[in-house]
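Notes follow once the structure below has been shown.
Derivation of every value follows stated rules applied to the coordinates shown; laboratory data play no part. In this text, all values refer to a predicted model and were calculated from it rather than measured experimentally. Note that we place each Cβ from the backbone using ideal geometry, even for glycine, and neighbour counts take in every protein chain shown.
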Ligand code: FJE
Ligand code: FE
């Protein structure tokens, strides 16, 4: 058999799971809790992904006024609602199933606080921007739950946050090429999802237990992150349990650039970080409107 044909056979197989992490709860922000899987010590960066937090927050805790520069934050609500307010007057609440795709670019200062009583839960993913886009104008893309692209087939439901699945495409524009899929599989269901070659990809399990990559492997349960290897056409998943399985599958094109991070600032060099801290301190180069701004929730809570 010619070599190319042999490779095309193996490329029909699933990407393997090469690493598995359990994300344990840790304090973050002001009295909030996150299960951080990407962005912690053992996995500082999974190009182009900087942070994946499964957050849980109840009033009066939250994430009061803070800046961002050089990347995008994607907030996807799982339960309850979060109110965001930024220094340009952009304000609103995102509720269960809603999505906010924020391109911080050269600078955003905002607060993210619980919108109601009870526990608010969601996912926040930080996606790095390439050097040529780090200083672009900030931009929001927001989608209400009812407008999220969704498809169902043979016990599989997918919500397409970014990219394409089961013939459905998300309207979200991703500056860094990204796919973000929210899958629910009924007991006995199975799915095969292509992933672009050369992209990094991971799974984070939200509910239930699933078998990923190899049908003979042992099941993985909620709050685990699975890093996928680079061989194979995509991912194959089986729900052999008696409960439904929910997980996200996220993939992105690696940037292959140096990353220098200082908290919510992510640039390519220490020099750029130093300049960013000056810009934030002096309210320049994108942080002008931070000078006289405080979010209403921070004023209300006395921050
Ligand atoms: C933070 C910088 C930040 N995880 N999950 C430093 F941007 C944040 C921050 C968040 C955050 C917000 C939401 Cl809504 C959900 C998050 C980090 O705002 F906590 C620190 N310490
Ligand atoms: Fe933020």
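Most mobile of 278, 142, 253 per a Gaussian network model of the chain (Cα springs, under 10 Å)?
278
Quick one: among 218, 244, 131, which has the greatest mean-square fluctuation in a GNM of the chain with alpha-carbon springs under 10 angstrom?
Evaluated over the chain, the most mobile residue of the options is 218.
Please state the relative contact order of the chain as a whole percent: Cα pairs under 8 Å, 6+ residues apart? Let's see the in-between values first.
Values: 789 pairs, mean separation 62.2, N = 303.
The value is 21 percent.
Taking square-rooted eigenvalues a ≥ b ≥ c of the alpha carbon gyration tensor, is region 13-105 rounded, prolate or oblate, where a/c under 1.5 means rounded and, failing that, a/b exceeding b/c means prolate?
Details: a/c = 1.75, a/b = 1.53, b/c = 1.15.
Taking the square roots of the gyration eigenvalues as a ≥ b ≥ c, region 13-105 is prolate.
Computed FRET efficiency, Cβ-Cβ of residue 119 and residue 12, R0 35 Å: what is it to the nearest 0.05? Spell out each step's value before the answer.
Details: r = 43 Å, r/R0 = 1.22.
My answer for the efficiency is 0.25.
Could you work out how much longer the chain between residue 136 and residue 260 gets when fully extended? Use 0.36 nm per residue separation minus the Cα distance between them, nm to one decimal.
Details: separation 124, 0.36 × 124 = 44.64 nm, distance 1.80 nm.
So the chain would gain 42.8 nm between residue 136 and residue 260.
Please find, in a Gaussian network model of the chain (springs between Cα atoms separated by less than 10 Å), the residue of 271, 88, 288 whose mean-square fluctuation is greatest.
Fluctuation is largest for 271.
At a threshold of 8 angstrom on Cα-Cα distance, excluding pairs fewer than six apart, so keeping six or more, what relative contact order does region 57-167 reach in percent?
Values: 261 pairs, mean separation 35.2, N = 111.
Reported as a whole number, the value is 32 percent.
Classify region 70-202 from the C-alpha gyration tensor, please: rounded if a/c falls under 1.5, else prolate or oblate depending on whether a/b exceeds b/c.
Numbers: a/c = 2.40, a/b = 1.29, b/c = 1.86.
Because a/c hits 1.5 or more and a/b fails to exceed b/c, region 70-202 counts as oblate.
For region 146-219, what size does the Cα cloud have along each of its three principal axes, sorted from largest down, in whole Å?
The Cα atoms of region 146-219 stretch 37, 30, 20 Å along the principal axes, largest first.
Give me the extension gain from residue 230 to residue 93: residue separation times 0.36 nm, minus the current Cα-Cα distance, reported in nm with one decimal. Don't skip to the answer; put the middle values down first.
Details: separation 137, 0.36 × 137 = 49.32 nm, distance 3.76 nm.
In short, 45.6 nm is gained.
Return the calculated 222 nm mean residue ellipticity for the chain, to the nearest 500 deg cm²/dmol, obtained by summing -39500 (n - 2.57) across DSSP H runs with n ≥ 4 and dividing by the residue count. Don't skip to the answer; put the middle values down first.
On the way: 3 runs with 27 residues, N = 303.
Here the helix-only value at 222 nm equals -2500 deg cm²/dmol.
So for region 171-303, averaging the separation of alpha carbon pairs under 8 Å that are six or more residues apart and normalising by length, what relative contact order in percent results? Could the numbers behind the result be given before it?
Values: 220 pairs, mean separation 36.8, N = 133.
Answer for region 171-303 is 28 percent.
For 291, 15, what ranking results if the residue with the fewest other Cβ atoms within 10 Å of its Cβ goes first? Write down the numbers at each step before the final one.
On the way: 291 10, 15 23.
In increasing order of surrounding Cβ atoms, one gets 291, 15.
So if we plug the beta-carbon distance of residue 271 and residue 218 into 1/(1 + (r/R0)^6) with R0 = 45 Å, what FRET efficiency do we get, rounded to 0.05? Kindly include the intermediate steps, with their values, before the conclusion.
Values: r = 47 Å, r/R0 = 1.05.
Here the calculated transfer efficiency is 0.45.
What do you get for Rg/Rh of the chain when both radii come from the Cα atoms and Rh is the Kirkwood radius?
Working: Rg = 19.7 Å, Rh = 20.1 Å.
Rg/Rh: 0.98.
Using alpha carbon centroids, what distance separates region 141-218 and region 262-298, in Å?
34 Å
Place a point 7 Å from the Cα of residue 42 along the Cα-to-Cβ direction; which residues of region 202-227 have their backbone N under 17 Å from it?
Once the point is set 7 Å along Cα→Cβ of residue 42, 202-205, 220-227 turn out to lie under 17 Å by backbone N, inside region 202-227.
Sorted from fewest to most neighbouring beta carbons within 10 Å, what does the list 106, 159 look like?
Numbers: 106 19, 159 22.
The order, fewest Cβ neighbours first, is 106, 159.
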